[in-house]
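The values are calculated or read from the model by the stated rules, or taken from the named source; none is laboratory data. Here the structure is a predicted model, which means the values were calculated and not measured. Here the Cβ positions follow ideal geometry from the backbone for every residue, glycine too, while neighbour counts run over all protein chains shown.
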């Protein structure tokens, strides 16, 4: 008998977070994006880091005992992240080429001239997944900075918890040290500047990993009112703390929310809501949503500016924003989201999924795991394994 899939609710939360980040970048004058929560939803990146730490620790904390294990782990993470990252990088390189050709033909230079910020050094930094570590400002596909720092944080996790065999409470130590640095040098705000970006990732990722160890050692079922209350508290905290020095308090709250949702007890309304097939599917394509939404946003903006001749305005921080009324802005936002979801389906199917097992679509020792759930049958070697590991994780987890 097939085991009942787990963690589908977390899959949905990942999807909601990715959609919030997309709306954060869709500045079309709609209340869907021009509200306090979405203005602060850059913090959903920290939620991604926490959730990644939780899932990675749940799956791999006891499986990284040799250099070969570490190499296999890092290879899996590479094939999980890199193909879609490379695709979006090449798309934005093509966009820069189009901008350059347009500038040469018309003499009109955009607010961000071709190959000025997104130059050769930024391109090669992105090729080697160093854009979040080495660049002074984001370039090409801006959201990909987080993919860069997460990849190297995976390596730090594998080295410390795997090869060095540090006990899991060291995750809390590393998270604490990262928090101290952020408090001392950034005043508690979560920044994306070089160096601070990876410290930001280490802080949230290792909080998630420590939360996973606590869940394993002290398993508790979460009553539905508590889980719903924690999720509501997350929304309120993002509204109130986002953009302030107190936003450093959000990753611990995200970790609490992840544990609460992962341990939801019984067939309750909250669990049924979070495991609704549409939401689970959104979580399945969330990586594509996160990495491709900037492509769609750029395309929609160009169509509206140059195709439909709609006016623009420059915001206080220098960004160019379309000056649309509320109704048209909402319509454009909904259309943009729909296009992102359709495009994400295609990139998930033809880029993400085929390459998960490595090149050419298969790597030794890395076989896709399939599960059947409310969203249908789909594959994810890491999340599917998390779904079936619950019965044995207590015996296998390293104590500490």
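Computed quantities for the displayed model
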read-out: Residue 37 being within 28 Å of residue 204 (Cα to Cα), surrounded by 22 or more Cβ atoms within 10 Å (Cβ to Cβ) and touching a residue at least 12 places away in the same chain (Cβ under 8 Å); value: no
read-out: Any hit, region 276-288, residues being more than 22 Å from residue 33 (Cα to Cα), in contact with a helix residue (DSSP H, G or I) (Cβ under 7 Å, 6 or more places away or on another chain) and in contact (Cβ under 8 Å) with a residue 60 or more places away in the chain; value: yes
read-out: Any helices (runs of 4 or more DSSP H) falling wholly within region 45-147 and containing at least 1 residues that are in contact with a strand residue (DSSP E or B) (Cβ under 9 Å, 6 or more places away or on another chain) and surrounded by 17 or more Cβ atoms within 10 Å (Cβ to Cβ); value: 67-106
read-out: Residue 239 within 30 Å of residue 175 (Cα to Cα) and in contact with a strand residue (DSSP E or B) (Cβ under 7 Å, 6 or more places away or on another chain); value: no
read-out: Filtered residues of region 235-250 (kept if surrounded by fewer than 19 Cβ atoms within 10 Å (Cβ to Cβ) and assigned to a helix (DSSP H, G or I)); value: 235, 236, 239, 240, 241, 245, 246, 249
read-out: Residue 329 vs. criteria modelled with pLDDT of 95 or more, buried (at least 16 other Cβ atoms within 10 Å of the Cβ) and closer than 30 Å to residue 232 by Cα; value: no
read-out: Candidate set from region 148-165 (those that are buried (at least 17 other Cβ atoms within 10 Å of the Cβ) and over 20 Å from the mean Cα position of the chain (by Cα)); member that is nearest to residue 67 (Cα to Cα); value: 162
read-out: Every residue from region 47-81 that is out of contact with any helix residue (DSSP H, G or I) (no Cβ under 8 Å at 6 or more places or on another chain) and within 18 Å of residue 351 (Cβ to Cβ); value: 75
